[in-house]
Amino acid sequence: MTAAEATPELDVPSPHDTAFLGHPKGLGYLAFVEGCERFSYYSMQTLLVLYMVKYLLLPEHIGGVIGLDWLRANYYTGLEGQPLASALFGDYTALVYLTPILGGVIADRWLGRRSTLILGGLVMALGHFLMAFEGSFLFALLALVVGVGLFKGNIASQVGELYSESDLRRAMAFQIFYIAINVSVIAAPLVSGTLGEKLGWHWGFGAAGVVMVIGLLVYLAAAPWLPADNRPAKGATKAERAKMQGNDWLRLLAVILLVPILAMSLLTNQQIFNAYLVWADQHFQLTFMGQTLPTSWMITIDATFSFSMLVAVALFWKWWSTKWREPDDFTKMIIGSLFSMAGGACLFMAAATQGGGKIGLFWPVMFHLLNSIAFSHILPVSLALFSRLAPKAINATVLGIYYLAFFAANKIVGTVGGWYSSMPTTSFWLMHIGAAGVGLIAFTVFKLLVAPKLLKEAAA
């Protein structure tokens, strides 16, 4: 990041602000802060199921978790071991992506993005530190659900507001934003995963909390280069607040229609942190030269490919555009769905060819490669699309609605992940291929029949 004189919070995006890789300096700060938040979150993602299956839900420890007996009696009836861990993980990760809507409403109507985000970061850090105590496990998950909800949509919406609607750098900005996320996903298993599996689970969770605090401090220091806050003026009447205008309702309709389509396309990717890790821990050949690698390092492999493919895909389409017309957003997401199906086919092949021994890493590595290409065509593109469609009156709220797709996907992952122990593994991964196929068909229908009118109206 190059040096630049501090300026007041940005009121109007400037196309001449190119201090960070040709983008506004604020993008660099926001990417770093999001990277810290994602490090903390993916530390939890990496460790949570393994921690429950291998430690917390064992008979000698489960009784010490405050409130879990009540949940098992009233909500998780009959579940224990891996199915219980998958169900808890699915509900936690689903709720994490439901609460950003509430966080967006709080920011848009009362506190503003800045105060809401800071509060979210503090609550998240508290949640990570509560993971140090077995008894407070459920309270820690609750704090993380609330904290992410306050934080998540309110940082992504600031990225979009660094640019005017006509600024062509916006889509690339979200590519850079996702690159920062994937750097964190690479680091989280290496740092928190290794600490958790080798030194003690609570070391891994503690590291996540420390990094979250660092990100929060950087965000506080970055204020001069960030968009102006959207907090309503003190004493402002309801009439003085931003209102939905003109085609804003059509923009909102387009956003809502996209949510279930995205959810289906995300299923295989989100399963990586649930049943996939349990499968890898039980059946993958992870011992080399007498040393057994932490299972959590499979997440690092995935994140390394995701980072590499984000860069490679961005460069590929940039090169493509110099010779031919670059595909639109929906065509890219259709391409991503095809790669997601191909990645799921690799997991099917790994299960089908296992035999009586351990599974070599060829098919899993191929899965991570193809899935990362899919990720690069779906996630950044869809987030930029939602940012473009979001009405200014409910900007942060719409970015919260975006994460409903993750809520739905993770809720399904929690249910489907529980079937891993009771059905053939080949059938288990065939279901995920089918989900990606549903996403492919739905994206195609949306592109051909729905998107032309709605996007034309939204751009009017």
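Out of the trypsin sites (Lys or Arg not before Pro) in region 285-330, which ones are loop residues according to DSSP with at most 12 other C-beta atoms within 10 Å? It would help to have the intermediate numbers written out before the result.
On the way: sites: Lys318, Lys323, Arg325; in loops: Lys323, Arg325.
The qualifying sites are Lys323, Arg325.
R0 = 35 Å: FRET efficiency of Leu220 with His61, Cβ-based, nearest 0.05?
On the way: r = 38 Å, r/R0 = 1.08.
Rounded to the nearest 0.05, the efficiency is 0.40.
Please give the per residue volume of the convex hull enclosing the alpha carbon atoms of region 308-460, rounded to a whole number of Å³. Before the final figure, lay out the partial values.
Details: hull volume 20.9 nm³, N = 153.
Looking at region 308-460, the number lands at 137 Å³ per residue.
Once Lys and Arg get +1 and Asp and Glu get -1 on their Cβ, which of Leu130, Gly437, Asn269 lies farthest toward the positive end of the dipole of the chain?
The residue sitting farthest along the positive end of the dipole is Gly437.
Arrange the peptides 153-161, 210-218 so that the one whose residues have, on average, the most other Cβ atoms within 10 Å appears first.
Ranked from most to least packed, the peptides come out as 153-161, 210-218.
Sort 284-294, 306-316 by packing, meaning the average of other beta carbons within 10 Å per residue, with the highest value first.
On the way: 284-294: 12.0, 306-316: 18.5.
In decreasing order of mean packing, 284-294, 306-316 become 306-316, 284-294.
Can you give the helix-only mean residue ellipticity at 222 nm for the chain, where every DSSP H stretch with n ≥ 4 adds -39500 (n - 2.57) and the sum goes over all residues, rounded to the nearest 500 deg cm²/dmol? If you can, show how the numbers build up before the last one.
Numbers: 18 runs with 307 residues, N = 460.
Value at 222 nm, helices only: -22500 deg cm²/dmol.
Just the number: Rg to Rh for region 45-201, Cα atoms, Kirkwood Rh, two decimals.
Details: Rg = 18.1 Å, Rh = 17.4 Å.
Rg/Rh for region 45-201 comes to 1.04.
Once the piece of chain linking Leu102 and His202 is laid out straight, how much longer is it, given 0.36 nm per residue of separation minus the C-alpha distance between them?
Details: separation 100, 0.36 × 100 = 36.00 nm, distance 2.98 nm.
Net length gain for the segment: 33.0 nm.
Tell me the angle of helix 404-417 to the major Cα principal axis of the chain, expressed in degrees between 0 and 90 and rounded to the nearest ten.
Roughly 10 degrees between the two axes.
Amide H neighbours of Phe284 under 5 Å, at least 5 residues apart or on other chains, H built in the peptide plane: list them.
Ile359
If you line up the Cα atoms of region 96-169 on their principal axes, what length do they span on each, largest first, in Å?
Sorted from largest, the Cα extents of region 96-169 read 52, 26, 19 Å.
With the cut-off at 24 Å, tell me which of the pairs Lys243/Lys447; Lys54/Lys198; Lys152/Lys198; Lys25/Lys323 have Cα atoms farther apart than that.
Numbers: Lys243/Lys447 29 Å; Lys54/Lys198 13 Å; Lys152/Lys198 30 Å; Lys25/Lys323 31 Å.
Pairs exceeding 24 Å: Lys243/Lys447; Lys152/Lys198; Lys25/Lys323.
Could you tell me the calculated FRET efficiency between Trp319 and Leu21, based on Cβ-Cβ distance and R0 = 25 angstrom, to the nearest 0.05? Mind showing how you got there, number by number?
Details: r = 18 Å, r/R0 = 0.72.
Rounded to the nearest 0.05, the efficiency is 0.90.
Label Leu448 and Glu326 with points 7 Å out from Cα along Cα→Cβ: what is the distance between them in nm?
Here the answer is 2.6 nm between the modelled labels.
Under 5 Å between amide hydrogens, which residues at least 5 positions from His23 or on another chain qualify, with H placed 1.01 Å from N in the peptide plane?
Here nothing satisfies the definition.
Mind giving me the FRET efficiency for His283 and Thr77? R0 is 35 Å, r the Cβ-Cβ distance, nearest 0.05 is fine. Please report the intermediate quantities before stating the final value.
Details: r = 29 Å, r/R0 = 0.82.
Taking R0 as 35 Å, the efficiency between His283 and Thr77 is 0.75.
For the chain, what are the per-bin percents of Cα-Cα distances with bins 10 Å wide, up to the bin holding the maximum?
Once binned at 10 Å, the Cα pair distances of the chain give 4, 20, 32, 27, 13, 3, 0, 0.
Under the 0.36 nm per residue contour assumption, what length would be gained going from the current alpha-carbon distance of Lys243 and Met349 to full extension?
32.9 nm
By how many nm would the segment from Thr415 to Ser427 lengthen if fully extended, with 0.36 nm per residue of separation less the alpha-carbon distance? If you can, show how the numbers build up before the last one.
On the way: separation 12, 0.36 × 12 = 4.32 nm, distance 1.51 nm.
Taking Thr415 through Ser427 to full extension adds about 2.8 nm, to one decimal.
Quick note: the coordinates plus some simple rules give every number you see, no bench work behind them. Please read these numbers as outputs of a predicted model, since none were measured by experiment. Neighbour counts are summed over all protein chains in view; Cβ atoms, including those assigned to glycine, are modelled from backbone coordinates with ideal geometry.
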